[in-house]
Amino acid sequence: MPTDEQRAVDLLGRVEHGRVATSMRALPFLASARHIVVDGQVLLRLHRGHGYHRACVGGVVAYGADVPSARSRSWSVQVVGECAAVEPTAAELDRFGPAPRSVDGVPFDPVYLRVEPQFATVHSVIETDCP
């Protein structure tokens, strides 16, 4: 039977985007990120221009994604782990796909992070039929 960590990473592999959470200057924040799963670790691509990566690198972050559905099974995943800056391989860059052209009117400048899951939660909801 898979552990929550394994299930969480497997589910993250089914979606492309999520949210990274940590704190910056003692205030919590969430930032959207593109992700891929590689060897049980979560690689993130963020826009360097916001500076959020500086608060993440060297610390513990939470990363979450969900798939809400009004007609079937919904799920939500959160992994928590140490975060490090990385240089992705050519194959990993290919898996990320094309980067956005701009973010908030500024050319997109990618920065890549790795989250090594230490703890995970998986929640699923089965909706009732609507009348």
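When segment 86-124 is examined, which residues are found to be among the aliphatic types (A, V, I, L, M) and under 15 Å from His35 (Cβ atoms)? Val86, Leu93, Ala99, Val111, Leu113, Val115, Ala120 - these are the residues of segment 86-124 that are among the aliphatic types (A, V, I, L, M) and under 15 Å from His35 (Cβ atoms).
Test Ala85 against the criterion of being out of contact with any helix residue (DSSP H, G or I) (no Cβ under 9 Å at 6 or more places or on another chain) and at pLDDT 95 or above, and give yes or no. No.
Residue-level check: of (1) loosely packed, with under 14 Cβ neighbours inside 10 Å; (2) among the hydrophobic types (A, V, I, L, M, F, W, C); (3) closer than 21 Å to Phe119 by Cα, Ala55 misses just (1).
With the structure loaded, tell me whether Val15 is β-branched (Val, Ile, Thr) and not in a loop (DSSP other than H, G, I, E, B) or whether it fails that test.
Working: β-branched (Val, Ile, Thr): yes; not in a loop (DSSP other than H, G, I, E, B): no.
In short, no.
Number of residues in segment 46-67 that are under 21 Å from Val9 (Cα atoms) and aromatic (Phe, Trp, Tyr): the value is 1. Pull out all pairs, ordered by first then second residue, where Cβ-Cβ is under 6 Å, the residues are six or more apart or on different chains, the first lies in segment 10-32 and is free of Cβ contacts under 8 Å to residues at least 40 places away in the same chain, and the second is outside any strand (DSSP E or B) and surrounded by 14 or more Cβ atoms within 10 Å (Cβ to Cβ). From residues that are free of Cβ contacts under 8 Å to residues at least 40 places away in the same chain, the pairs are Met24/Ala55; Ala31/Tyr52.
Condition check ((1) surrounded by 14 or more Cβ atoms within 10 Å (Cβ to Cβ); (2) not hydroxyl-bearing (Ser, Thr, Tyr)) across all residues:
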residue	(1), (2)
His35	yes, yes
His50	yes, yes
Ser69	no, no
Glu82	yes, yes
Thr89	no, no
Asp94	no, yes
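Ile126 fulfils the conditions (1) among the hydrophobic types (A, V, I, L, M, F, W, C); (2) loosely packed, with under 12 Cβ neighbours inside 10 Å; (3) modelled with pLDDT of 95 or more except for a single criterion, (3). For segment 96-123, the candidate set comprises residues that are surrounded by fewer than 11 Cβ atoms within 10 Å (Cβ to Cβ), at pLDDT 95 or above and within 22 Å of Gln41 (Cα to Cα); within that set, the residue that is nearest to the chain's Cα centre (by Cα) is Gly97.
The values are calculated or read from the model by the stated rules, or taken from the named source; none is laboratory data. All values derive from a computational prediction rather than experimental measurement. Reconstructed Cβ throughout: ideal geometry from the backbone, glycine too, with neighbour counts over all protein chains shown.
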